[in-house]
Structures are given as C-alpha cells and as structure tokens.
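To keep things clear, I will list the structure first and then write my remarks on it.
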Amino acid sequence: QVQLVESGGGLVQAGGSLRLSCAASVRTFSRYRMGWFRQAPGKEREFVAGISLSGGQTFYLDSVKVRFTISRDYAKNTVYLQRNSLQSEESAVYYCATSPVAAGTPWEGEYEDWGQGTQVNVSS
C-alpha cells in the first residue's frame, strides 16, 4: 500500500495559479501511474489529470487541458499539478491516487491508493 500526502492547497483568487504536490511514501514510485481527482461540495469526485509510468504521457479533463499541467519527480517521489487561470467553480478538495490499471483512466474504481486530499478555494 502506498501512502500519499497532498499539499499546496489554500485560497487563491480567480485567475490565479496554484501548484499542488503529492508525496508518495514508496521506494518504487516509478512503478505507479498517478492521477489527480477533485470533489466539489455536493458533487461527485471527478478525474482531473493522469500521468504514465515514464511521465511521457499525460491525460486531462477537457475543461482543464490548456490550464493544468501534471508532472512527476522521481527523485522526490512526488507528482505535481500546476493549475493556472483558476475559476471559482474549481473550488474543491483535490486528491491524488495510484492506478495499477492504466494511466489517465478517469474511473475512480481503477485507482487503489488515495491521499487525504487538500482543500482549494478559489475566490471570485
């Protein structure tokens, strides 16, 4: 089991930027496909971005494709989500997760390990 710890959440104005981090407590970080999800109040958790084992392939929710960037640092066992031009409706708890199935899969059930989430509030 992989322990994941997200950080970097907080309050940001609409149009601003924020980078989230997810640190994985595992020696074999390179064996895990990683994903970011978010859950807004009263809504289901949704896939936001995913990255392959090598980091060479990335996947995004259509609405964030040109504004968000997922990346990973193998030396730090960390996956990042850089988010630009944030919108107020993107206030949510953001989670990272590992997938043994496929990089970029949007199905929550195909992710195994989850972090506790980090709250992001975007003020309008």
### Task
For the range 44-82, name all the residues that are among the aliphatic types (A, V, I, L, M) and in contact with a strand residue (DSSP E or B) (Cβ under 7 Å, 6 or more places away or on another chain).
Val48, Ala49, Ile51, Leu53, Leu61, Val64, Ile70, Val79, Leu81
### Task
Enumerate the strands (runs of 3 or more DSSP E) found wholly within the range 1-99, keeping only those where 3 or more residues are free of Cβ contacts under 8 Å to residues at least 40 places away in the same chain, β-branched (Val, Ile, Thr) and open to solvent by less than 20 Å² (accessible area, probe 1.4 Å).
none
## Note on the structure
Exactly one of Ala103, Ala97, Ala92 is hydrophobic (A, V, I, L, M, F, W, C) and touching a Ser or Thr at 6+ places or on another chain (Cβ under 6 Å), and that one is Ala103
### Summary
Of the residues in the range 109-124, those that are outside any strand (DSSP E or B) and closer than 18 Å to Leu53 by Cα come to Glu110, Tyr111, Glu112, Asp113
### Summary
Flagged pairs (Cβ under 8 angstrom, 6 or more apart or on separate chains; first in the range 103-124, among the aliphatic types (A, V, I, L, M); second part of a helix (DSSP H, G or I) and open to solvent by 20 Å² or more (accessible area, probe 1.4 Å)) are Val122/Ser88; Val122/Glu89
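The values are calculated or read from the model by the stated rules, or taken from the named source; none is laboratory data. All of these numbers come straight from a predicted model, not from anything done at the bench. Glycine also receives a Cβ, built like all others from the backbone with ideal geometry; neighbour counts cover every protein chain displayed. Remember, those area values only see protein heavy atoms, side chains included, never the ligands or the DNA or RNA. Shrake-Rupley method; radii C 1.70, N 1.55, O 1.52, S 1.80 Å.
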